[in-house]
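Student: After the structure tokens below, expect a handful of questions from me.
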Amino acid sequence: MSWIDIGAVEDIPLRGARLVKTPVGCVALFRTGENEVFAASDRCPHKGGPLSEGIVHGRAVTCPLHNWVFDLETGRAQGADEGSIPTYPLRVEDGRLLIDGEAVGRRAAA
Amino acid sequence: MTKKLVVIGAGMASGRMLEHLFEDAPGNWDVTLFNAEPRGNYNRLMLSPVLSGEKTFAEIVTHDADWYDAHGVTCRFGERVVEIDRAAKVVVGEKGEVAYDKLVVATGSDPFMIPLPGHDLDGVIPYRDLEDTERMMRLSETPGARAVVIGGGLLGLEAAAGMAARGVDVTVVHLMGHLMERQLDEAAGYLLRRALVEKGITVRCAANSKQILGENGHVKALLLDDGTELPCDLLVMAVGIRPSVALAKSAGLAVGRGVHVDDQMVTSDPDVLALGECVEHDGAVFGLVAPLYDQAKVLAETLMGRAAAFRPKEVATKLKVTGCDLFSAGDFAEGEGREDIVFRDPARGVYKRLVLEGPRLVGAVMYGDTADGAWFHGLIKDREDVSEMRETLIFGPAFQGGAQADPMAAVAALPADAEICGCNGVCKGRIVEAVEGGAATIEDVRAVTKASGSCGTCTGLVEQVMALSLGDDFVMPTAKPVCGCTDLTHEDVRRLIKAQELKSQPAVWQELGWSTPNGCHVCRPAVNYYLLADWPLEYQDDPQSRFVNERNHANIQKDGTYSVVPRMWGGLTNARELRAIADAADKYGVPTVKVTGGQRIDLLGVRKEDLPAMWADLNRAGLVSGHAYSKGLRTVKTCVGREHCRFGTQDSTGLGVRLEKRLWGAWTPHKVKLGVSGCPRNCAEATCKDLGIVCVDSGFEIGVGGAAGMDLKEIQPLVKVATEGEAEEWSVAFVQLYREHAKYLDRPYKWIAKVGMDWVREALSDPAERAALVARFDLSQTIYQKDPWAERAEPAQARRFQPLADLTLEAAE
Ligand SMILES: Cc1cc2nc3c(=O)[nH]c(=O)nc-3n(C[C@H](O)[C@H](O)[C@H](O)COP(=O)(O)OP(=O)(O)OC[C@H]3O[C@@H](n4cnc5c(N)ncnc54)[C@H](O)[C@@H]3O)c2cc1C
Ligand code: SF4
Ligand code: FES
């Protein structure tokens with residue numbers, strides 16, 4: 001794994017999200033009310049809604065377009081909807097956000 | 001043969017270690033004990049009860065002169081060790097050297113002082129030792145003394161509560177959104193805050209300190225970065241501790257965040273051991289005594305040449321403030337694959353939350369009833385499989401039988417004087433009396449008390465009160481709850497927010513017994529709206545509880561781009577504005593420009609990143625957000641009216657502009673559109689708007705509840721007035737009535753269908769009530785009538801619209 005520092009936890013609003021552009025597409029970073037941070041694809045498998053614009057509640061996010069709800073830990077859609085979004089390894093160290101560069105397709109910095 | 005043992009620091013850890021040593025190997029060691037504080041070992045934890053006056057210092061001394069005598073300890077209290085010479089195996093104190101065979105470093109930790117300007121003023125103190133405690137105690141001797149505590153963690157709150165108990169006027173300033181955020185979640189933090197406020201302590205969360213102001217070298221006030229000044233005579237900083245490692249470091253011992261020790265508590269030098277808050281073991285540092293006592297045992301064993309190993313275990317936290325019963329253990333924040341179990345009892349002010357990972361309990365937070373804390377702590381420590389008792393786990397060990405959370409708890413908890421029916425001012429006690437007097441149906445209650453007899457939105461609550469009083473004799477009609485997080489309906493929630501004066505989201509979750517930690521995408525936007533509509537001054541709008549369009553102040557399109565619609569007051573524009581719109585369309589490559597049905601221009605296909613800059617450009621030309629995305633005032637459509645049209649009876653355009661300028665920016669349960677036509681030919685299509693005005697020779701006919709969407713509705717007449725001023729007053733009053741009463745996402749016509757047009761007419765016909773509604777509307781506008789574009793075009797806000805990072809670019813380094 002190659003951990004890349006992409007910013008501070010505080011850069012993401014509580015119960016909110018921010019985007020990171022990566023070679024594998026847009027990755028959304030979600031910060032829950034309990035201060036956990038999760039990384040997952042920003043693209044809803046339903047019709048491509050931007051999940052980083054959804055409402056974050058508990059450990060889930062609701063897509064802003066048609067209200068599919070995704071579990072942020074597993075990436076799976078909840079309830080009757082079927083589908084899932086890729087999730088990515090993320091670490092928090094001293095308030096900094098570290099994402100696994102390999103998982104998001106970025107070759108390790110030389 | 002006795003060996004020479006030197007101990008640096010007479011704290012909680014070293015005191016316990018010496019007890020073990022003297023008990024198991026009396027006479028083997030010749031001990032010299034240094035302490036920088038001018039006294040021996042005492043129970044540091046108990047400084048808080050000393051501060052609050054519940055104990056005296058003498059009661060918390062753990063080892064007195066007789067004890068040191070009996071064990072032949074040479075006490076060098078009030079003397080700081082300044083150097084360790086490991087080569088010569090000598091410790092250098094301020095008053096002389098002592099040789100050692102074995103050395104124990106137990107220097108504890110140093111309070112961290114934020115280097116704010118003014119932090120070195122007299123009267124700025126930490127909270128660590130007896131001197132600090134006495135300083136706080138002395139403060140209370142000055143009548144009217146004021147103190148500020150920076151830091152809403154365990155120490156800060158104990159300091160605040162202690163001083164408050166002695167009559168000092170205390171304000172706690174906390175950087176994070178809720179108190180004790182490391183040990184508590186938001187819900188428990190809310191209950192704790194409520195309890196402290198009841199003790200007369202002022203609590204300011206999410207407050208950033210900027211500077212400490214002084215006068216003649218003494219602290220005078222704390223200045224926050226929002227410009228607030230908090231005057232104080234003493235400022236206590238309790239923002240954290242750092243292991244005290246300077247001495248060990250200069251002696252060349254391996255030091256990271258703390259002094260490195262192995263499982264036997266030995267440092268990088270085999271003759272030097274260490275324990276307490278000054279050490280780092282396996283990457284961890286310590287701040288509570290429980291693990292330090294384990295270290296004390298292991299260190300004593302190591303000195304005696306026995307095998308022992310320190311193993312860290314889960315610690316639990318309790319706050320030592322009388323009346324604040326909280327408990328937190330394990331890890332309820334970070335991690336993967338977790339589930340919550342939440343229990344709230346609004347009547348007793350109880351909140352419990354368990355965090356499960358697979359079949360195991362990994363964390364517990366409790367407030368109000370912590371009796372089961374130890375049991376849960378045990379389950380966490382022992383990593384026990386709890387899947388068998390999962391359903392009833394939250395009820396504790398005594399209750400492995402299967403209790404149900406009570407859906408009516410919130411109503412049961414209401415005091416007798418809580419207002420249930422807002423229209424007729426009927427409180428809970430009155431309804432209970434009616435039931436006791438024989439009323440058995442909702443109609444009976446209505447006849448006797450008038451409760452729920454007017455707008456009817458409180459019917460659900462009245463029924464719940466009846467059900468509680470009548471027990472099984474009353475069959476509750478099933479009403480549709482807001483969502484899966486609660487059993488209450490929207491109407492119930494709205495009434496209870498008013499009746500119980502709930503002014504924050506955590507207050508709603510707790511007092512109304514929500515079953516999730518912070519709601520869901522269905523209830524949270526609704527509750528956010530209800531709170532901001534009812535408490536414009538006290539509640540702060542929460543962007544994270546809004547749907548995307550309102551959060552970004554632009555309409556998201558199906559391809560993820562946004563549309564931008566500047567306001568055109570009453571549909572009027574001019575060449576300068578049009579030019580600015582054309583320029584923006586060019587500059588940001590807007591693919592589609594469309595004229596809307598609301599008489600303005602829509603720029604479609606704008607990228608999120610471009611929004612702030614585009615808004616700033618439009619702002620410069622005097623254009624503001626048209627709120628085309630919001631549950632709020634959209635447009636006021638007008639016709640040209642008397643000024644240009646031969647049929648015009650009044651200045652319909654002018655009235656439209658006037659209404660739009662008055663109403664813009666207000667949040668409403670759903671979108672609101674107005675129309676003003678200059679004569680009954682109705683060119684502005686006013687009769688299918690939420691509020692439509694048709695001008696006639698003798699004045700203005702106002703109607704409400706029109707719609708031209710999925711449902712097509714014609715407005716129903718509300719009133720006819722003679723002057724423009726009256727037309728404006730009625731319009732504003734109607735919008736406010738709708739804001740205060742309607743269910744979230746009900747357009748006015750739906751709401752009117754529920755409460756009845758007669759009720760609306762009656763409510764608005766009273767001039768005093770109308771004036772009061774207008775006054776409440778205007779008060780809310782002082783907060784909310786702000787151009788969101790201007791706010792969000794500012795650099796700090798604008799950053800939120802950019803990606804946090806772009807990893808598609810090649811690394812620059
Ligand atoms: C007000 C207060 C309330 C607390 N409440 C709780 C609680 O409820 N529960 C809990 O678990 N924990 C609580 N704690 C934390 C707990 O007190 C500490 O974890 C514990 O005291 C640490 O013990 P220690 O022996 O490592 O350090 P200390 O007890 O701090 O002892 C270190 C000693 O070393 C001395 N020293 C430092 N450097 C030198 C030197 N160079 N030469 C000579 N002497 C030196 C210091 O003067 C000090 O007396 C509280 C702390 C405070 C201040
Ligand atoms: S509504 Fe009447 S006044 Fe207005 S433009 Fe039409 S005809 Fe003229
Ligand atoms: S695109 Fe996400 S729910 Fe439809």
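Student: Checking the structure you have, find out if any residue of segment A:74-97 is within 7 Å of chain B (Cβ to nearest Cβ), more than 16 Å from ligand 2 (Cβ to nearest atom), surrounded by 17 or more Cβ atoms within 10 Å (Cβ to Cβ) and not aromatic (Phe, Trp, Tyr).
Tutor: Looking through segment A:74-97, none of the residues is within 7 Å of chain B (Cβ to nearest Cβ), more than 16 Å from ligand 2 (Cβ to nearest atom), surrounded by 17 or more Cβ atoms within 10 Å (Cβ to Cβ) and not aromatic (Phe, Trp, Tyr).
Student: In addition: Looking at residue B:652, is it hydroxyl-bearing (Ser, Thr, Tyr) and more than 26 Å from residue B:582 (Cβ to Cβ)?
Tutor: yes
Student: So, in segment B:627-663, exactly how many residues are aromatic (Phe, Trp, Tyr), surrounded by fewer than 23 Cβ atoms within 10 Å (Cβ to Cβ) and touching a strand residue (DSSP E or B) at 6+ places or on another chain (Cβ under 7 Å)?
Tutor: Summing the residues that are aromatic (Phe, Trp, Tyr), surrounded by fewer than 23 Cβ atoms within 10 Å (Cβ to Cβ) and touching a strand residue (DSSP E or B) at 6+ places or on another chain (Cβ under 7 Å) in segment B:627-663 gives 0.
Student: Another question, if that's okay. Here's a check for you: in segment B:674-697, which residue that is surrounded by 24 or more Cβ atoms within 10 Å (Cβ to Cβ) and charged (D, E, K, R) is nearest to ligand 2 (Cβ to nearest atom)?
Tutor: B:689
Student: Can you name the helices (runs of 4 or more DSSP H) wholly within segment B:1-99 that have at least 2 residues being over 23 Å from residue B:279 (Cα atoms) and of a type in the set (Gly, Ala, Ser)?
Tutor: In segment B:1-99, the matching helices (runs of 4 or more DSSP H) lie at B:47-52, B:65-70.
Student: Looking at B:301, B:277, can you tell me which residue is under 18 Å from residue B:12 (Cα atoms), away from ligand 1 (no atom under 15 Å from the Cβ) and outside any strand (DSSP E or B)?
Tutor: B:301 is the lone residue from the list that is under 18 Å from residue B:12 (Cα atoms), away from ligand 1 (no atom under 15 Å from the Cβ) and outside any strand (DSSP E or B).
Student: Among the listed residues B:135, B:128, which satisfies the condition of being surrounded by 14 or more Cβ atoms within 10 Å (Cβ to Cβ), part of a loop (DSSP other than H, G, I, E, B) and assigned by TED's automatic domain parsing to the domain that holds residue B:216?
Tutor: Exactly one residue qualifies, and that residue is B:128.
Student: Tell me, please, whether a residue that is touching a helix residue (DSSP H, G or I) at 6+ places or on another chain (Cβ under 8 Å), free of Cβ contacts under 8 Å to residues at least 40 places away in the same chain and more than 16 Å from ligand 1 (Cβ to nearest atom) can be found in segment A:88-98.
Tutor: No, segment A:88-98 has no match at all.
Student: If you don't mind, another one. Of the residues in segment B:580-608, how many are out of contact with any helix residue (DSSP H, G or I) (no Cβ under 8 Å at 6 or more places or on another chain) and part of a strand (DSSP E or B)?
Tutor: 6
Student: Suppose we keep only residues that are more than 27 Å from residue B:187 (Cα to Cα) and crowded, with 19+ Cβ neighbours inside 10 Å within segment A:46-73. Which one would you say is farthest from ligand 1 (Cβ to nearest atom)?
Tutor: A:65
Student: Scan B:329, B:371, B:316, B:284 and give me the residue that is farther than 25 Å from residue B:112 by Cα and more than 14 Å from every other protein chain (Cβ to nearest Cβ).
Tutor: Exactly one of B:329, B:371, B:316, B:284 is farther than 25 Å from residue B:112 by Cα and more than 14 Å from every other protein chain (Cβ to nearest Cβ), namely B:371.
Student: I've got another one for you. Which residue pairs have Cβ atoms under 9 Å apart, sit 6 or more places apart or on different chains, and have a first residue in segment B:663-682 that is assigned by TED's automatic domain parsing to the domain that holds residue B:698 and outside any strand (DSSP E or B) and a second that is of a type in the set (Asp, Glu) and crowded, with 22+ Cβ neighbours inside 10 Å?
Tutor: Within 9 Å, the pairs are B:668/B:690; B:670/B:690; B:671/B:690.
Student: Still on this structure, I have one more. Can you tell me which residues in segment B:781-793 are more than 14 Å from chain A (Cβ to nearest Cβ) and under 12 Å from residue B:613 (Cβ atoms)?
Tutor: B:789, B:793
Student: Turning to a different aspect of this structure: Would you check if residue A:9 is of a type in the set (Val, Ile, Thr), more than 7 Å from every other protein chain (Cβ to nearest Cβ) and touching a Phe, Trp or Tyr at 6+ places or on another chain (Cβ under 9 Å)?
Tutor: Spelling it out, it is not the case that residue A:9 is of a type in the set (Val, Ile, Thr), more than 7 Å from every other protein chain (Cβ to nearest Cβ) and touching a Phe, Trp or Tyr at 6+ places or on another chain (Cβ under 9 Å).
The values are calculated or read from the model by the stated rules, or taken from the named source; none is laboratory data. Owing to the predicted nature of the structure, the values given are computational and were not obtained by experimental measurement. Note: ideal-geometry Cβ built from the backbone for every residue, glycine included; neighbour counts use all protein chains shown.
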